[in-house]
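The structure appears right after this line, and notes come after that.
None of the figures in this text is laboratory data; all of them are computed from the coordinates on show. Not measured: the values here are computed from a predicted model. Please note: Cβ atoms are built from the backbone with ideal geometry, for glycine as well, and neighbour counts cover all protein chains shown.
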Amino acid sequence: MAYEIERKFLVDIEKLPKLENGFVIKQAYMPTSNNTVVRVRIKNTKAFLTIKGENQGSVRREYEYEIPLGDANEMINNLCKTPIISKTRYEIKYEKHIWEIDVFDEDNKGLIVAEVELQTENENIKLPSWIKKEVTEDNKYYNSNLIKNPFCKW
């Protein structure tokens, strides 16, 4: 069984090191009837279909599969809710983890979120100086909710 263990944080942009080698991500969500999330993501020239279960703190089930780029575009255009999420992702190695820094565009412009994946739910991590506040359990920061209530409306 696949699990994602991830913590999410707001970032102090003034303390963040220079961001380099980012890649654009476009993602959209298919309607579901429960707390399951079905996401289609295009990351550069690769595409993925991801199914995520309901969060239990920082843990949830996650299944991700690479799919043809053409299929992903068709799914986004024909099966997914709008608007889509657009962001540039940067990766920063800090201590023994890779931190993913998402700089959002369009209706979520101005929002910058850092995520780190863990091996266990109770894993101790040292936070970089550019971390402001943990938002792991605040569902308004979930990408799937940013399409319904974008950052520009907060």
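At a glance:
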| item | result |
| --- | --- |
| Cα gyration tensor shape for region 1-61, rounded if a/c is under 1.5, else prolate or oblate | oblate |
| Rh by Kirkwood over Cα pairs, then Stokes-Einstein D for region 1-114 at 0.692 mPa s and 37 °C, µm²/s | 214 |
| Cα-centre dipole for the chain with unit charges at Cβ (Lys and Arg positive, Asp and Glu negative), debye to 20 | 300 |
| Neighbour cut-off at most 15 other Cβ (10 Å), DSSP loop, GluC sites (Glu not before Pro), region 38-124 | GLU54, GLU95, GLU121, GLU123 |
| Overall dimensions of region 65-154 by Cα: Rg and Dmax, Å | 15.3, 43 |
| 0 to 90° range, to nearest 10: angle between helix 69-78 axis and the chain longest Cα axis | 70 |
| Cα-centred dipole magnitude for region 71-112, charges only on beta-carbon of K, R (+1) and D, E (-1), debye, nearest 20 | 140 |
| Whole-Å distance, taken between Cα centres, linking region 73-102 and region 113-131 | 18 |
| Residues with amide H under 5 Å from that of ILE67, placed H, sequence gap 5 or more | ALA47, PHE48, LEU49 |
| Cα lying deepest toward the dipole's positive end in region 1-57, options PHE48, PRO17, TYR29, charges on Cβ | PHE48 |
| Furthest towards positive pole of dipole, VAL116, ILE98, TYR141, structure part the chain, Cβ charges | TYR141 |
| Restricting region 1-75 to trypsin sites (Lys or Arg not before Pro) in coil, as DSSP defines it, with at most 10 other Cβ within 10 Å | LYS18 |
